[in-house]
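The values are calculated or read from the model by the stated rules, or taken from the named source; none is laboratory data. Since the model is a prediction, treat every value here as computed from it, not as a measurement. When we count neighbours, we look across all protein chains shown, and the Cβ atoms used for this are built from the backbone with ideal geometry, even at glycine.
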Amino acid sequence: MPANCSLCDGRAVLKRPKTGDTLCRECFYYAFEEEVHKTILDANLFTSGESVAIGASGGKDSTVLAYVMKLLNDRYNYGLKLVLLSVDEGITGYRDDSLETVKRNQNQYDLPLKIVSYEELYGWTMDAIVKQIGLKNNCTFCGVFRRQALDRGAMLLKVDKIVTGHNADDVAETVIMNVLRGDIGRLRRCTAITTGTEGALPRCKPFKYTYEKEIVMYAYFKKLDYFSTECIYSPNAYRGFARSFIKRSGKNSTQCNHRYHSFRREPLCQKGSEDASSG
Amino acid sequence: MAAGVDVSLEFSGGAELLFDRVKKHDISLPSQDKSWTLQCLLAWIRDNMLKERPELFMQGQTVRPGILVLVNDADWELLGELDYVIQPNDTITFISTLHGG
Ligand SMILES: [Zn+2]
């Protein structure tokens, strides 16, 4: 039989990767939400009255982020104006499907949605690019364009900040990749909770300390509607290696991700770019 | 001799892509000499259900890191993981955390 909850008499449904605690559903929801709230408070991420765009891809991280941001904004009166912001890269069979998910989220969470497309911003789609340049380096281009598109969309919406769904596992992976590449500059910057290049809007990661397992379990138990297919143009090999390394070492140490994070204690609102997979 | 067991398998989060995009499979495990543990089930899935690229689902005797396993909606880490003995009509859920962001 499953263990009991560490906090109440309920039936435990999961073992937390961070602490090893066993929690029931309700205590897990509470712990998960409160940790994100604490991250937001500790880092002073927001000020009342601000407009915040949630970078929404339809995937698990940004779907849970939208749900939790909405919930915490209501529960703790952050006083934020939240809006979903999606980028349409123009990838048939991938982004068109995931945008359908975001459109459903718009109704489910009662949040306005803005979609900016590569086609309207740059005059072409990723489908057209791949036809021209093939599958080599296409992800690098797409990553740079997506980053800029999110900024342009946020400027159009006149928001103050962008939040993305990057989680603790993503940050740990990025640390490992920057170690492998020997990129000291990025290694210094990539664990910052808020980043933003000169002239661009600040970007924050409220899930910086949230483990992927818990995001997926939260989405599963809450039956949140998310899209889960790999991009048809992305082999993702390099990140894939760093990812399985993190997952394997995570098996051996509950606080493993935290060790990668504490490579450097970060000042808040650090200037600089981050290496980012979309949230 | 352990009797056969009927179980429901559920695949989500992208794991269903490895199983003809079908999310729910009701299966009957045949009787065998030892009892049906999750470890036996994984080997059975590999040999009977995975058509191609088993390395996307399994690594050695267990699931690939990043695939979550639940038994009747409880984390298998609470239940002894591979050693858990499957009970009739258990629902076993596999959720990939590796797809999309
Ligand atoms: Zn509890």
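All conditions in (1) away from the ligand (no atom under 16 Å from the Cβ); (2) within 14 Å of chain B (Cβ to nearest Cβ) hold for A:GLY90, with the sole exception of (2). For A:VAL171, the criteria (1) over 25 Å from A:VAL116 (Cα atoms); (2) in contact with a Gly (Cβ under 6 Å, 6 or more places away or on another chain); (3) β-branched (Val, Ile, Thr) hold in every case but one, which is (2). Against the numbered list (1) under 25 Å from A:TYR220 (Cβ atoms); (2) surrounded by fewer than 20 Cβ atoms within 10 Å (Cβ to Cβ); (3) touching a helix residue (DSSP H, G or I) at 6+ places or on another chain (Cβ under 8 Å), A:GLN108 comes up short only at (3). How about region A:122-146: which of its residues are within 14 Å of chain B (Cβ to nearest Cβ) and surrounded by 18 or more Cβ atoms within 10 Å (Cβ to Cβ)? Once the filter is applied, which keeps residues that are within 14 Å of chain B (Cβ to nearest Cβ) and surrounded by 18 or more Cβ atoms within 10 Å (Cβ to Cβ), region A:122-146 yields A:CYS139, A:CYS142, A:ARG146. Before we move on, is A:ASP169 surrounded by 22 or more Cβ atoms within 10 Å (Cβ to Cβ), among the acidic types (Asp, Glu) and over 28 Å from A:THR92 (Cβ atoms)? Yes: the conditions hold for A:ASP169.
Between A:TYR209, A:TYR226, A:TYR233, the distinction of being modelled with pLDDT of 55 or more, over 19 Å from the mean Cα position of the chain (by Cα), in a loop (DSSP other than H, G, I, E, B) and surrounded by 14 or more Cβ atoms within 10 Å (Cβ to Cβ) belongs to A:TYR233 only. Checked across region A:192-205, the condition of being closer than 30 Å to A:LYS15 by Cα and touching a Phe, Trp or Tyr at 6+ places or on another chain (Cβ under 7 Å) holds for no residue.
Would you confirm whether any residue within region A:77-88 is surrounded by fewer than 15 Cβ atoms within 10 Å (Cβ to Cβ) and modelled with pLDDT of 95 or more? The answer is yes; a qualifying residue exists. The set of residues in region A:1-54 being free of Cβ contacts under 8 Å to residues at least 40 places away in the same chain, closer than 30 Å to A:LEU113 by Cα, in contact with a strand residue (DSSP E or B) (Cβ under 9 Å, 6 or more places away or on another chain) and more than 13 Å from the ligand (Cβ to nearest atom) consists of A:GLY49 alone.
Take A:LYS114 and decide whether it is in contact with a strand residue (DSSP E or B) (Cβ under 6 Å, 6 or more places away or on another chain) and among the basic types (Lys, Arg). Write out each step before concluding.
Details: in contact with a strand residue (DSSP E or B) (Cβ under 6 Å, 6 or more places away or on another chain): yes; among the basic types (Lys, Arg): yes.
Here the answer is yes, as A:LYS114 does meet what is asked.
Count of region B:51-63 residues, restricted to those that are surrounded by 15 or more Cβ atoms within 10 Å (Cβ to Cβ) and touching a residue at least 12 places away in the same chain (Cβ under 8 Å), is 5. Contact map, region B:81-99: first residue within 12 Å of chain A (Cβ to nearest Cβ) and in contact (Cβ under 8 Å) with a residue 60 or more places away in the chain, second residue in a helix (DSSP H, G or I) and not β-branched (Val, Ile, Thr), Cβ cut-off under 7 Å, separation 6 or more or different chains; pairs are B:PHE94/B:ALA15; B:ILE95/A:TYR220; B:ILE95/B:ALA15; B:SER96/B:ALA15; B:THR97/A:GLU212; B:THR97/A:LYS213. Test B:ASP6 against the criterion of being free of Cβ contacts under 8 Å to residues at least 12 places away in the same chain and over 16 Å from B:SER96 (Cβ atoms), and give yes or no. Here the answer is no, as B:ASP6 does not meet what is asked.
Is there a residue being surrounded by fewer than 17 Cβ atoms within 10 Å (Cβ to Cβ), away from every other protein chain (no Cβ under 14 Å) and either free of Cβ contacts under 8 Å to residues at least 12 places away in the same chain or away from the ligand (no atom under 16 Å from the Cβ) (or both) anywhere in region A:57-69? No, region A:57-69 contains no residue that is surrounded by fewer than 17 Cβ atoms within 10 Å (Cβ to Cβ), away from every other protein chain (no Cβ under 14 Å) and either free of Cβ contacts under 8 Å to residues at least 12 places away in the same chain or away from the ligand (no atom under 16 Å from the Cβ) (or both).
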